[in-house]
Amino acid sequence: MTSLEPADLLAWPELFLTAEPGAPTALLAGGCTGCRRTAFPRAARCPACGAATRPTELRGPAVLDTCTAVLSTPPGALVEAPYEVGVARFPAARICVIGLLTERIEPGTMVDVVVHEPYPGGRTFGFRPVGAADRDLAPGPRTTPSAERLL
Ligand SMILES: [Zn+2]
């Protein structure tokens, strides 16, 4: 059995535009020139029909359709549980993408795509409620989301 090392992740396709954690970003997708589907991650050929694709970007706002908490860390995972994941729907592109959530978010919430740091030095994309960046800058106490709230 092998485990993924951080260097292995460099061989993965580029998934999003790089930026500082918390900054808005875009997912790098491909739009099919044949069947008009959107594929994520981006690929040179459409996984559905094999036609060429052209680069396209998925940006928020998207709609969080569903979410759940991950309460146990899978073997070899770099992100430690508990954390939350969700499925965001990009209506204009007619595609849904699964990703980490930056906090507990209720289904039906409009979300933006942001750069997420799930562990020190780690970078991936995540979904954050629209307007949360403004809320996080406001003075006052903050509550920490808890996976137990899902149980
Ligand atoms: Zn296609």
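The values are calculated or read from the model by the stated rules, or taken from the named source; none is laboratory data. What you see is a predicted model, and the numbers here were worked out from it, not measured in a lab. As a convention, Cβ positions derive from the backbone with ideal geometry for all residues, glycine included, and neighbour counts pool all protein chains shown.
Can you work out which of the residues in the stretch 53-90 that are surrounded by 13 or more Cβ atoms within 10 Å (Cβ to Cβ) and within 16 Å of the ligand (Cβ to nearest atom) is farthest from residue 122 (Cα to Cα)?
53
Can residue 29 be described as part of a strand (DSSP E or B), within 16 Å of the ligand (Cβ to nearest atom) and of a type in the set (A, V, I, L, M)?
So residue 29 passes the test.
Between a residue in the stretch 28-53 that is touching a residue at least 40 places away in the same chain (Cβ under 8 Å) and within 28 Å of residue 114 (Cβ to Cβ) and any residue that is more than 6 Å from the ligand (Cβ to nearest atom) and of a type in the set (Lys, Arg), which pairs come within a Cβ distance under 8 Å, given they are 6 or more apart or on different chains?
These pairs meet every condition: 29/42; 31/54; 37/94; 38/94.
Does residue 102 satisfy the condition of being within 16 Å of the ligand (Cβ to nearest atom), within 21 Å of residue 23 (Cα to Cα), β-branched (Val, Ile, Thr) and surrounded by 15 or more Cβ atoms within 10 Å (Cβ to Cβ)?
In short, no.
Out of (1) away from the ligand (no atom under 16 Å from the Cβ); (2) at pLDDT 95 or above, what's the single condition that is false for residue 34?
Of the numbered conditions (1) away from the ligand (no atom under 16 Å from the Cβ); (2) at pLDDT 95 or above, the odd one out for residue 34 is (1).
Against the condition more than 15 Å from the chain's Cα centre (by Cα) and of a type outside the set (Ser, Thr, Tyr), how does residue 104 come out, does it pass?
The answer is no for residue 104.
So is residue 20 touching a residue at least 60 places away in the same chain (Cβ under 8 Å), over 12 Å from the mean Cα position of the chain (by Cα), more than 8 Å from the ligand (Cβ to nearest atom) and under 28 Å from residue 110 (Cβ atoms) or not?
Yes.
Hey, among the residues in the stretch 37-52 that are more than 6 Å from the ligand (Cβ to nearest atom), among the small types (Gly, Ala, Ser) and more than 18 Å from residue 97 (Cβ to Cβ), which one's surrounded by the fewest Cβ atoms within 10 Å (Cβ to Cβ)?
In this case the residue turns out to be 44.
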